[in-house]
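Engineer: The structure follows.
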Amino acid sequence: MTRRAAVLALLLPALLAALASAQEAYTPTPENLKARQWFQEARFGLFVHWGVYAVAGEGEWVMHQKRITVPEYERDMPPAFNPVKYDPAAWVAMAKAAGMKYITITSKHHDGFAMYDSKVSDYDVVDRTPYGKDVLKMLAEACRKEGIKLFFYHSQLDWHHPDYFPRGGTGRFAGRDEKGDWNRYLDYMDAQLTELLTGYGEIGGIWFDGWWDKPDADWRLGKTYKLIHDLQPAALVGSNHHRLPNPGEDFQMFEKDLPGANTAGFNDKVQIGTLPFEMCDTINRSWGYNKNDGSYKSTREIVQLIVKAAGYDANLLLNVGPKPDGTIQPEFVKRLAEVGDWLKANGETIYGTRGGPLPPRSWGVTTQKGNRVFVHVLDWKDAVLAIPRPPKPVKSASLFGTAKPVRFTADKEGLLLRLDPASLDPVDTIVTLELSE
Ligand code: FHN
């Protein structure tokens with residue numbers, strides 16, 4: 001061993017430890033903590049999966065599922081993407097009227113196509129489509145005008161980039177050469193993130209997805225997260241890795257399930273952490289535009305999802321997959337307008353609340369704000385409902401939004417609410433409990 005190699009071998013463990021602790025030691029800035037609080041109070045956001053895959057109308061996985069190679073995808077998708085009816089102001093107005101406080105849109109999905117004017121690649125909406133405009137910049141401006149925060153969904157997984165190598169579990173039919181430089185890919189990703197965090201004003205945060213494609217790879221998360229927080233300290237970082245959050249992440253997300261549940265199969269390894277929660281879900285069964293998917297959730301189901309999420313102390317990020325012409329399908333628009341009507345009347349029991357204090361049950365959930373507890377009865381038919389004792393004595397109970405008192409009896413076990421079956425609301429019967437100070 002040369003002297004140099006011996007010195008290196010001696011120093012290596014210390015160097016590695018220093019690197020690891022740089023990644024561990026994440027102290028969110030005061031701006032970041034404030035943004036987390038805003039996020040937790042916002043409770044409802046719009047998720048937008050929009051990319052050149054919309055042209056095929058078969059969802060955002062079409063490249064992988066149909067085994068389309070990079071040259072074929074480049075030939076067929078971007079040149080056919082011309083969303084002449086794209087009206088970002090209308091999207092923002094729709095989200096706002098639905099009661100949503102933020103929008104999270106795909107800046108790049110797994111197909112690797114950037115939906116903004118990237119300078120580190122020409123594989124983007126400005127350089128490769130007849131539309132030729134930066135759709136994210138247009139949306140960012142519309143959001144700013146209306147006080148809606150904008151987050152970017154950014155796929156770490158990339159089915160197009162040659163340096164996404166060694167390959168992960170997906171994207172193996174793209175016809176790429178079996179070689180590549182992983183660190184060069186990560187540099188590219190960091191460069192694109194830098195563009196997004198410097199060219200689009202104040203950004204709500206970055207919503208990562210795709211880590212799960214290569215769970216054993218060194219993703220340099222510490223470096224990337226630090227870059228984001230250095231550029232915009234208030235930007236919230238979250239990752240859809242379906243695990244407990246890593247250092248440097250600011251919220252925890254749950255795909256298609258309430259925190260702690262695993263009905264969709266994504267959350268088998270998930271534990272519940274202490275950061276703010278967000279669950280995401282679709283209105284039909286698809287994220288990206290799918291012309292064959294007509295299985296829409298009803299407005300009632302969507303409202304109940306918002307309520308349940310709030311009862312589990314989580315935001316709901318509800319998805320639309322706009323069409324290739326830039327419009328959002330009427331089935332989505334209609335439901336969102338109806339959800340907005342419900343939130344206009346009942347939003348006080350959702351926004352700015354925290355989940356609990358009672359544990360969620362099959363009949364419903366509770367939310368709380370100050371000394372008021374909102375009992376959301378979502379599925380109950382009887383005239384009496386027994387619930388555990390809230391943390392403080394109950395001074396009064398009434399139907400939310402009316403002065404109508406709800407009779408109740410309390411003992412040391414709990415509370416018996418007497419509900420008039422005739423006034424049970426099939427969507428959500430909300431009983432306000434006023435607790436003593
Ligand atoms: O593969 C993606 C999918 O296309 C979509 O973006 C969802 C949204 O949560 N996340 C991934 C699957 O975990």
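The values are calculated or read from the model by the stated rules, or taken from the named source; none is laboratory data. All figures in this text were calculated on a predicted structure; none of them were measured in a lab. Here Cβ is always computed from backbone atoms with ideal geometry, including for glycine, and neighbour counts include all displayed protein chains.
Engineer: Among the residues of segment 56-76 satisfying the criterion of being hydrophobic (A, V, I, L, M, F, W, C), within 16 Å of the ligand (Cβ to nearest atom) and in a helix (DSSP H, G or I), which is surrounded by the most Cβ atoms within 10 Å (Cβ to Cβ)?
Structural biologist: Of the residues in segment 56-76, the ones hydrophobic (A, V, I, L, M, F, W, C) are 56, 61-63, 68, 70.
Next cut, within 16 Å of the ligand (Cβ to nearest atom) only: 56, 61-63, 68.
Pick out the ones that are also in a helix (DSSP H, G or I) and you get 62-63.
Working: VAL62: 22, MET63: 28.
Among them, the one singled out is MET63.
Engineer: A further question on this structure: Filtering segment 88-108 down to residues that are more than 16 Å from the ligand (Cβ to nearest atom) and of a type in the set (Lys, Arg), which residue is surrounded by the most Cβ atoms within 10 Å (Cβ to Cβ)?
Structural biologist: Restricting attention to segment 88-108, the residues satisfying the condition of being more than 16 Å from the ligand (Cβ to nearest atom) are 88-101.
Remaining after also requiring of a type in the set (Lys, Arg): 96, 101.
Working: LYS96: 17, LYS101: 20.
Top of the filtered list is LYS101.
Engineer: Pairs only if they're at least six apart or on different chains, beta carbon under 9 angstrom, first in segment 232-244 and within 12 Å of the ligand (Cβ to nearest atom) and polar (S, T, N, Q), second in a loop (DSSP other than H, G, I, E, B) and at pLDDT below 95; list them, first residue then second.
Structural biologist: Correct list of pairs: ASN240/PHE266.
Engineer: Hey, among the residues in segment 138-153 that are surrounded by 22 or more Cβ atoms within 10 Å (Cβ to Cβ) and under 16 Å from ASP117 (Cα atoms), which one's farthest from the ligand (Cβ to nearest atom)?
Structural biologist: Applying the filter and picking the extreme gives ALA140.
Okay, residues lined up against (1) within 16 Å of the ligand (Cβ to nearest atom); (2) of a type in the set (Lys, Arg); (3) assigned to a loop (DSSP other than H, G, I, E, B):
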position	(1), (2), (3)
GLY326	no, no, yes
GLU338	no, no, no
LYS344	no, yes, no
LEU358	no, no, yes
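Engineer: A further question follows. Evaluate segment 360-372: report whether one residue or more is at pLDDT below 95 and in a loop (DSSP other than H, G, I, E, B). Before the answer, list the steps.
Structural biologist: Taking segment 360-372 as the starting set, the residues that turn out to be at pLDDT below 95 are none.
Looking through segment 360-372, none of the residues is at pLDDT below 95 and in a loop (DSSP other than H, G, I, E, B).
Engineer: Which of the numbered conditions does VAL339 fail, given that it passes all the others? Conditions: (1) over 20 Å from the mean Cα position of the chain (by Cα); (2) closer than 16 Å to PHE47 by Cβ.
Structural biologist: Of everything listed in (1) over 20 Å from the mean Cα position of the chain (by Cα); (2) closer than 16 Å to PHE47 by Cβ, VAL339 misses just condition (1).
Engineer: Okay, moving on. Being within 16 Å of the ligand (Cβ to nearest atom) and of a type in the set (Lys, Arg) is the filter here; which residues of segment 280-296 pass it?
Structural biologist: Filtering segment 280-296 for residues within 16 Å of the ligand (Cβ to nearest atom) gives 280-290, 293.
If the condition is that a residue be within 16 Å of the ligand (Cβ to nearest atom) and of a type in the set (Lys, Arg), then ARG285 is the only one that fits.
Engineer: Additional query: So which residues in segment 380-419 are touching a Leu at 6+ places or on another chain (Cβ under 9 Å) and of a type in the set (D, E, K, R)?
Structural biologist: Matches in segment 380-419: LYS381, ASP382, ARG389, LYS392, LYS395, ARG407, ARG418.
Engineer: May I pose another question? Quick check on PRO83: is it touching a residue at least 12 places away in the same chain (Cβ under 8 Å) and under 26 Å from GLY168 (Cβ atoms)?
Structural biologist: Values: touching a residue at least 12 places away in the same chain (Cβ under 8 Å): yes; under 26 Å from GLY168 (Cβ atoms): no.
The answer is no for PRO83.
Engineer: Still on this structure, please answer the following. Is it fair to say ASP111 is touching an Asp or Glu at 6+ places or on another chain (Cβ under 8 Å) and more than 16 Å from the ligand (Cβ to nearest atom)? Before the answer, list the steps.
Structural biologist: Numbers: touching an Asp or Glu at 6+ places or on another chain (Cβ under 8 Å): yes; more than 16 Å from the ligand (Cβ to nearest atom): no.
Criteria not met by ASP111.
Engineer: If you take the residues in segment 200-222 that are surrounded by fewer than 16 Cβ atoms within 10 Å (Cβ to Cβ) and more than 16 Å from the ligand (Cβ to nearest atom), which one is nearest to ASP268 (Cα to Cα)? Steps first, please.
Structural biologist: Step one: list which residues in segment 200-222 are surrounded by fewer than 16 Cβ atoms within 10 Å (Cβ to Cβ), which gives 201-202, 215-218.
From what's left, more than 16 Å from the ligand (Cβ to nearest atom): 201-202, 216-218.
On the way: GLY201: 37, GLU202: 35, ASP216: 18, ALA217: 20, ASP218: 22 Å.
Among those that are surrounded by fewer than 16 Cβ atoms within 10 Å (Cβ to Cβ) and more than 16 Å from the ligand (Cβ to nearest atom), it is ASP216.
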